[in-house]
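Contents: one structure, followed by commentary.
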Amino acid sequence: MKTTAEYATEILQELQRTVKLISGEGSDSLVDAIGEARHIFLAGAGRSGLMAKAFAMRLMHLGLNVHVVGETVTPGLGKEDLLIICSGSGETKSLVSMAEKAKSLEAAVALITIYPNSTIGQLSRIAITLPGAPKDKSTSDYSTIQPMGSLFEQTLLLFLDAVILSLMEKQGLDSSTMYGSHANLE
């Protein structure tokens with residue numbers, strides 16, 4: 001039986017392999033779209049949704065007008081807005097419906113996924129492919145020791161943090177300048 005530290009080491013090795021496979025294609029378009037959007041909306045289901053919420057928090061720290069779909073204080077989406085969907089499969093029914101609605105409202109849609117040719121990918125202006133194993137590994141030859149979509153979700157968080165670094169550089173911000181937007185009622 002392996003120790004927890006040995007498992008953690010294997011997970012890091014998987015992430016190093018996966019991050020090297022990320023294509024830069026689409027990343028600059030996403031950074032530009034975020035900078036141009038009036039409002040940025042984040043959506044995802046399950047653990048991918050949690051990664052989307054973490055990204056929304058960092059966008060807020062950058063001073064951007066960002067919302068998480070489904071929260072009670074989230075406003076309506078409009079023509080000058082951007083909906084970013086985080087979905088390994090790109091087929092989650094509730095997220096497909098959101099992408100269809102956003103497109104009908106003439107908002108920009110961006111997808112971060114394993115499958116850029118998915119239903120949501122077809123509806124998106126920007127589709128960024130991240131390598132990773134799908135939840136159902138019976139249809140994939142991608143190898144991971146981790147359960148379900150863990151490798152995708154971890155890669156997603158690392159990718160989104162890299163997008164934050166790109167935005168910080170563009171805006172001339174650093175961690176200390178962003179700290180002014182940090183929660184202070186904790």
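Annotations
- Long-range amide H partners of VAL109 with built H, under 5 Å: LEU83, ARG125, ILE126
- Only Cα pairs under 8 Å and 6+ residues apart enter the sum, and on that basis the relative contact order of the chain stands at 23 percent.
- The chain: angle of helix 27-36 to the longest principal axis, Cα-based, in degrees nearest 10: 20 degrees
- Working from Cα pairs under 8 Å separated by at least six residues, relative contact order for segment 50-159 is 21 percent.
- Angle in degrees between helix 150-171 and the longest Cα principal axis of the chain, rounded to the nearest 10: 40 degrees
- Reducing segment 100-133 and segment 21-94 to their Cα centroids gives an inter-centroid distance of 11 Å.
- The count of lysine pairs in the chain whose Cα atoms are under 29 Å apart, excluding pairs fewer than 8 places apart on the same chain, comes to 25.
- Counting only trypsin sites (Lys or Arg not before Pro) that DSSP places in a loop and that have at most 13 other Cβ atoms within 10 Å, the longest clean stretch of the chain runs over 80-186.
- At full extension, LYS79 and ALA8 could sit 21.2 nm farther apart than now, given 0.36 nm per residue minus the alpha carbon distance.
- Degrees, to the nearest 10: 46-61 long Cα axis against longest axis of the chain: 50 degrees
- Cα gyration tensor category, rounded, prolate or oblate, for segment 1-67 with a/c compared to 1.5: prolate
- Helix-only CD estimate at 222 nm, as mean residue ellipticity for the chain, using -39500 (n - 2.57) per DSSP H run (n ≥ 4): -14500 deg cm²/dmol
Bear in mind these aren't lab numbers, they're just calculated from the coordinates by the rules spelled out. Since the model is a prediction, treat every value here as computed from it, not as a measurement. Cβ: placed from backbone, ideal geometry, glycine included. Neighbour counts: every protein chain shown.
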